[in-house]
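Take a look at the structure set out below.
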Amino acid sequence: MIAKVNNVAITEAQLQRAIQQSGLPDSPNLRVALKNQLISRELFRQDAEKTHAYDNRPEVKQAMQEAKDAAITQLYLRDVIKPAPVTEEQVKAQFDTIVASLGDKEYKSRLIQVGDAASAADVLAKLKAGADFAQLAQQVSLAQNKARGGELDWISFKTPAQEGHTQNLPLPIAQALVALPAGGVTSTPVNWNNAYFILKLDQVRPTQVPKYEAVKAVLRQQQESAALEKATLAVVGNLVKQAKIEQ
């Protein structure tokens, strides 16, 4: 127990859940702030309960039912979904496959995505006039990385680039990327999947292969997530077969 409000205990378990839900690192200041929030919330609850005006309100009943449904569903999924365990051999095999797919160089680049040829021509004109690529990406790009000035992660693949072997980078973009000199910008937009892309190659360097020990935790997590998704889909598929669903 970390506090008592009119004989109602506030527990360490409640505080731990609040810390997890906050998404912030545990610290003395955070604990004090969240403890005070829990105390305030309990005071609110007690004062509201005195009036007996809320117990039967529809929104309260709905919230209680939704909380119950969520708890039941979570416990059910924990009991019935049994993903296949991921072995060290599987993780190491994935690492070896990734390393084997790398080329001798890796590329650091930026990208601006626009929706039509006219917009792409306007971007190229502004770049030729001296506009900063990163700032322009933040202003006009449709890509999710626009907030980072169009920055892409380091990427490596064997050349010449081949479909399915470009680390998930679309082949036309990969081909345009490796044709650029360091610091260069594509002179014409790359048209792919009903969008237009302008690339800038910031840096090229020999491929830096990470140590297995440094990345195996991430690879294991990826495989465990995939195994969980596979197991979940299997359960859903079986339930769908048994159910009568009308839409």
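Quick check on segment 214-235. Is at least one of its residues open to solvent by less than 80 Å² (accessible area, probe 1.4 Å), within 30 Å of Gln135 (Cβ to Cβ) and in a helix (DSSP H, G or I)?
No, segment 214-235 contains no residue that is open to solvent by less than 80 Å² (accessible area, probe 1.4 Å), within 30 Å of Gln135 (Cβ to Cβ) and in a helix (DSSP H, G or I).
Which of (1) surrounded by 11 or more Cβ atoms within 10 Å (Cβ to Cβ); (2) touching a helix residue (DSSP H, G or I) at 6+ places or on another chain (Cβ under 9 Å); (3) not acidic (Asp, Glu) is the odd one out, the single condition Gly164 does not satisfy?
(1)
I need the full set of residues from segment 25-53 which are of a type in the set (Gly, Ala, Ser) and either touching a residue at least 12 places away in the same chain (Cβ under 8 Å) or under 14 Å from Val8 (Cβ atoms) (or both), in order please. If you could, list the steps in order and put the result at the bottom.
Residues of segment 25-53 of a type in the set (Gly, Ala, Ser): 27, 33, 40, 48, 53.
The answer is Ser40, Ala48.
Considering only helices (runs of 4 or more DSSP H) fully contained in segment 77-153, which possess at least 1 residues that are open to solvent by less than 40 Å² (accessible area, probe 1.4 Å) and under 30 Å from Val215 (Cα atoms)?
On the way: elements: 88-101, 117-128, 133-140.
Counting at least 1 such residues, we get 88-101, 133-140.
With Ala214, Ala182, Ala131, Ala174 as the choices, which residue is among the small types (Gly, Ala, Ser), farther than 30 Å from Leu77 by Cβ and in contact with a strand residue (DSSP E or B) (Cβ under 6 Å, 6 or more places away or on another chain)? Don't jump to the end; show me each part of the working.
Details: Ala214 fails: in contact with a strand residue (DSSP E or B) (Cβ under 6 Å, 6 or more places away or on another chain); Ala131 fails: in contact with a strand residue (DSSP E or B) (Cβ under 6 Å, 6 or more places away or on another chain); Ala174 fails: in contact with a strand residue (DSSP E or B) (Cβ under 6 Å, 6 or more places away or on another chain).
The match here is Ala182.
In segment 22-50, what residues are acidic (Asp, Glu) and either over 28 Å from the mean Cα position of the chain (by Cα) or assigned to a helix (DSSP H, G or I) (or both)? It would help to see each step written out before you state the result.
In the first step, residues of segment 22-50 are kept if they are acidic (Asp, Glu); the result is 26, 42, 47, 49.
Residues satisfying the conditions are Glu42, Asp47, Glu49.
The values are calculated or read from the model by the stated rules, or taken from the named source; none is laboratory data. On a predicted model such as this, the values are computed, not experimentally measured, just so you know. Please note: Cβ atoms are built from the backbone with ideal geometry, for glycine as well, and neighbour counts cover all protein chains shown. For the accessible areas, the whole protein counts, side chains as well, though only heavy atoms, and no ligand, DNA or RNA atoms are used. Shrake-Rupley method; radii C 1.70, N 1.55, O 1.52, S 1.80 Å.
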